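The values are calculated or read from the model by the stated rules, or taken from the named source; none is laboratory data. Everything numeric here is computed off the predicted structure, so don't read it as measured data. Virtual Cβ from ideal backbone geometry, glycine too; neighbours counted across all protein chains shown. For accessibility, only protein heavy atoms count, side chains too; no ligands or nucleic acids. Shrake-Rupley method; radii C 1.70, N 1.55, O 1.52, S 1.80 Å.
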Amino acid sequence: MDKDTKFALLVLGLPILGLIYCAGIIAFLMLFPWGREHPIFTGLGVMIVPFGFAASIWIRASAKAYQKHETGRR
């Protein structure tokens, strides 16, 4: 997979994943009264999921770049 294909998937896939995520949150709030009764826990869960996903991608990319940079020094 070349860089252009990866970029196209990112540009098209990220908004679609965001819409699916938002639809899942709305469905959760509609189906489970517990989510409406405990907004602090629901909000934390809604916040932690995308943050954890983004942090894992960021750390993995940084580790890959760092490893590539370190192997180039030898």
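Within segment 49-71, the residues that satisfy the criterion of being open to solvent by less than 100 Å² (accessible area, probe 1.4 Å) and closer than 16 Å to LEU17 by Cα are VAL49, PRO50, GLY52, ALA54, ILE57. Going by what's in this entry, would THR42 be described as exposed (fewer than 10 other Cβ atoms within 10 Å of the Cβ) and hydroxyl-bearing (Ser, Thr, Tyr)? In short, no.
Look at segment 26-51: where a residue is under 20 Å from PRO15 (Cβ atoms) and a partner is in a helix (DSSP H, G or I) and open to solvent by 70 Å² or more (accessible area, probe 1.4 Å), sitting 6+ places away or on another chain with Cβ atoms under 8 Å, you get VAL49/TYR21; PRO50/TYR21.
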